[in-house]
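The values are calculated or read from the model by the stated rules, or taken from the named source; none is laboratory data. Keep in mind that what you see is a predicted model, and the values were worked out from it rather than measured. Here Cβ is always computed from backbone atoms with ideal geometry, including for glycine, and neighbour counts include all displayed protein chains. In case anyone asks, the SASA skips ligands and DNA or RNA and just uses the protein heavy atoms, side chains included. Shrake-Rupley method; radii C 1.70, N 1.55, O 1.52, S 1.80 Å.
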Amino acid sequence: MNTHDFTTTDYAAPGLTEGIAQVVALDGRGIWLVPEQTGSCGSCAASSMCSAKGIGTVANRLEARRFRLDENPAELIVGERVVIGVRENALVRASLTAYAIPLVTLLLAGALAQWRYGSDLVTMAAAVGGLLFGLAVARIGADKLLARGDLLPQYIRRARPGETCNSK
Amino acid sequence: MKEYFLLMVGAALVNNVILGRFLGLCSFMGVTTRIDTAVGMGMAATFVITVSSMVNWVVQTFLLQPYDLAYLRTVTFILVIAAAVQFTEMTVKKVSPPLFQMLGIYLPLITTNCAVLGVALLLVAGEMNFIASTLFAFASALGYSLVMVIFAGLRERMALANVPRLFDGPPIGFIAASLLALAFMGFSGMSTTG
């Protein structure tokens, strides 16, 4: 009889893209987290200039990206750093929804107007109209992604001391 | 139609922003460790480059050129790019806060991406009409995204390879980038003048 060693790991399943976040508040059973800088080198967030609070700074932008997890699975406390993950293909789907749809409608509207009227002003107006239409479609698409749970981050584990998004 | 097609092929492949003009190298080396992050950055950059180039064309045609303010071009374009990034950020946040949480981190990186300014300055040199300049910017950004994704794929494979310790990390990345640039030089034989 031909036997195989089966494991519970499904290698065909999409993996998780990991990132590090810090617990900033507890809220009933849920927790609020702020993601750490995930720039190309990560050193930007460490510099005193970039970490300064204010409009447009990295710290300010990260605070704007605060998110909530509905459960506190490991009884985390404020200040703890954790590894979180989103589905691997979620980033691609989100990018296509947020950027590709408005861009395609913008270009299509602009190209059609140019072909039909041949005037720069009409083309500009049509492109802006196409962009607004695309944003409306993107909103519907984003709602669908959210309803499917594709955009929700998941708790994975506590981060090791000194672990960064670039750590192996 | 053929003229626009050739313009786009030229902008995306023959004079690729990264491998032909050597712009946007910071994000090219920094955000290409995974394919999905490269796609995210590429899409965000494509959106910002296209929108900011449209606005820059309007500013150049209706403000800088008629009033002979060419010396303000670079400063004005930088301002427009920063505004376009801010607009994109606000729009994504308004359209879908979860999308903003996922994608917002790429936008600050684009503000300081020289490819965005480079494309805007190339448009001025090209003296194109509105639709041609928009398509040129879009194609340039697509070329940028294409190279980002190809390079991310190469780096994902290199991460599994047995690379000598001295070459591990950025050194082997630069060698791969140079080989990729050589491959793209093959497109330079294509005529895009019609």
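A straight line joining the Cα centroids of segment B:8-26 and segment B:120-194 runs 6 Å. Once the partner protein chains are put back, segment B:39-56 shows a loss of at least 40 square angstrom of accessible area, versus the chain by itself, at B:43, B:47, B:54 (probe 1.4 Å, ligands and nucleic acids excluded). Of all aspartates and glutamates in the structure, those lying under 14 Å Cα to Cα from residue B:93, and not within fewer than 8 positions of it along the same chain, are A:63, A:143. Summing Lys and Arg as +1 and Asp and Glu as -1 over all other residues whose Cβ lies under 14 Å from the Cβ of residue B:133 gives a net charge of -3.
With a simple spin-label model that places each label point 7 Å from the Cα along the Cα-to-Cβ direction, the separation between residue B:2 and residue A:154 comes to 5.4 nm. Between segment B:44-61 and segment A:93-168, the alpha-carbon centres lie 16 Å apart. Across q = 0.12, 0.21, 0.22 Å⁻¹, segment B:76-194 modelled as identical point scatterers on its alpha-carbon atoms has Debye log10 I(q)/I(0) values of -0.67, -1.23, -1.26, in the order of the q list. Considering segment B:1-131 at the alpha-carbon level, its Rg and Dmax are found to be 15.4, 46 Å. Using only Cα atoms, find the angle between the long axis of helix B:73-95 and the longest principal axis of chain B, and express it within 0 to 90 degrees, rounded to the nearest 10. Computed tilt is about 70 degrees. Projecting the Cα atoms of B:66, B:132, B:107 onto the dipole axis of chain B, where Lys and Arg carry +1 and Asp and Glu carry -1 at the beta carbon, places B:107 farthest toward the positive end. Over the alpha-carbon set of segment A:105-168, divide Rg by the Kirkwood Rh and report the Rg/Rh ratio to two decimals. My calculation puts Rg/Rh at 1.39.
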